[in-house]
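Here is the structure we will look at.
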Amino acid sequence: MLLAIDTSAGSSVAVVDLDRGILAERASSDTRRHAEVIGSFIVECLAESGVTPTALSGVAAGMGPGPFTGLRVGIAAAQAFALAIGKPVVRVVSHDAVASAHYALGGSKPMLVVTDARRREVYWSAYRGIDEAGLPERVDGPALVRPADLPEAVPDYDGYARLDAAEVSAGALGMLAERMFANGRTFAGAAPLYLRSPDVTVSAGPKRVS
């Protein structure tokens, strides 16, 4: 069983099991209250599922793409919770979870996942379909572009069905992580997929006062 957390769009938390599916899930589309809701979502999901923290085998973290401020909240929460219970963190590209949920409903054709990056930009990832294990095959992205430039940025743009996703389901992310582990697949790296520098940066040194 896994606790899954994603804050690449809104905030989503779930408890999942490979055999029993999504046991509990909480989500909010608010993109400014990640830190306020993530703790209560974890508590509520564990209570509803009847799963104790020590019964979890690990924590799945959505690694983006996503804006810096929101995405880091979920990743930090996943790392802190995993450290507290002495279990590993497994990392999953958030767009892969969106694609996985879509294909689980019966889709199989090439698909373009698009999410809001704010500042009049979007994130995109391209998928050719699913592999022999039923897992999404990403062939390009994640990348960042202005909406009007998307057709030129994506090779063979017209060959994809476009899916604009406002949220990323932690339940879908957790189930993808379970199936990836069961099939011996490689998880995402430790570096978050911000794709853009944060709005606020630390000054290189003290400012001169005249």
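Please treat every number below as a calculation from the coordinates, not as lab data. Computed from a prediction, not measured in an experiment: that's the story for all the values here.
A few remarks follow.
- For the range 114-127, Karplus couplings with θ = phi - 60° (6.51, -1.76, 1.60), whole Hz, Gly/Pro x: 10, 10, 6, 9, 6, 6, 6, 9, 10, 9, 9, 9, 10, 10
- Counting DSSP beta bridges with both ends in the range 67-173, the antiparallel % (nearest 5): 80 percent
- Backbone geometry of the range 159-167 corresponds, through the Karplus equation with coefficients 6.51, -1.76 and 1.60 at θ = phi - 60°, to 3J(HN,Hα) couplings of x, 10, 7, 8, 10, 8, 10, 7, 9 Hz, x marking Gly and Pro.
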